[in-house]
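Step one of this worksheet: look at the structure below.
Coordinate-derived values only; no laboratory data. All values reported here derive from a predicted model rather than from experimental measurement. When we count neighbours, we look across all protein chains shown, and the Cβ atoms used for this are built from the backbone with ideal geometry, even at glycine.
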Amino acid sequence: MKEYHKIQTVFKRDPETKFRTLLPEYSLPEFEYLKDNEWIWTEKIDGTNIRVMWDGADVTFGGKTDKADIPSHLLEVLDDIFKAPEMYKKFGVDGDVCLYGEGYGMKIQKGGNYIPDRSSFILFDCKIGPWWMDRDSLEDISQSLGIGLVPIIGNGTLDEAVEYCKAGYKSTIADNKDYDAEGLVLKPSIELSTRGGQRIISKIKAKDFK
């Protein structure tokens, strides 16, 4: 199943600082055009990208790329969570299903702040055939499979999301209640694409303002 697409930062990065800081220019013309529309903001999780794939008969796992290795302790967790009977019950035999999420928690990045004694999986997107699932569908999948789903932090304009992230906020899923969230992932409230077919989706990280 196809690797997850790149998520473009809201603003362009400054080559003068070796791309460590941002410029006051939107990175895509679509962002500038849509900046005053409503966007849905979800918490960006600091983990490792995981794909859970269902072909109608078997469950397989992948990392951010096809060459990426999944830590053995996380692979055990995924095997325990995603069983073929449950996937069949939810998605049937047609297959072509890919759940995109983050492996997070113990021994993953700074995941001990999220879960100190184990690792887990949290869903952030799903594609079935050519279709990306909307939020209602993601919530249904999350509930049906008993898996976590990235929380909605707020909604509003793109600039409001940037200011919210710039001010910083605490992670809403971490066991450590003082742990700063990594940032926000931003989608228009109605799924949209560029004329080249790329999804309109963006991100902003708190560290970009430090």
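Placing one identical point scatterer on every Cα of segment 48-148 and ignoring solvent, what is log10 I(q)/I(0) from the Debye formula at q = 0.10, 0.11, 0.20, 0.23 Å⁻¹? Listed by q, the Debye log ratios stand at -0.26, -0.31, -1.02, -1.30. Modelled this way, with points 7 Å down the Cα-to-C-beta line, the labels at Asp55 and Ala167 are 4.9 nm from one another. In terms of the mean number of neighbouring beta-carbon atoms within 10 Å, the peptides 21-28, 107-114, 189-196, 39-46 order highest first as 39-46, 107-114, 21-28, 189-196.
Taken about its Cα centre, segment 43-171 carries a charge dipole of about 360 debye when Lys and Arg each add +1 at the Cβ and Asp and Glu each add -1 at the Cβ.
Computed over the chain with a Gaussian network model linking Cα atoms closer than 10 Å, the most mobile of Val52, Val97, Val77 is Val77. In plain terms, the chain from Ile152 to Ser193 could stretch by 12.6 nm, reckoned as 0.36 nm per residue minus the Cα-Cα distance.
Distance between the pseudo-spin-label points of Asp178 and Lys6 (7 Å out from Cα toward the beta carbon): 3.8 nm. Of all aspartates and glutamates in the structure, the ones whose alpha carbon falls short of 17 Å from that of Lys18, not counting any fewer than 8 places away in one chain, are Asp208. The stretch between Ser27 and Asp94, if pulled fully straight at 0.36 nm per residue, gains 20.4 nm over its current Cα-Cα span. For the chain, the spherically averaged projection of the C-alpha convex hull amounts to 12.1 nm². Cα centroid distance between segment 68-135 and segment 180-198, in Å? About 20 Å separates the Cα centre of segment 68-135 from the one of segment 180-198. Between Ala174, Ala161, Ala57, where does the largest GNM mean-square fluctuation fall for the chain, given springs only between Cα atoms within less than 10 Å? In the Gaussian network model the winner is Ala57.
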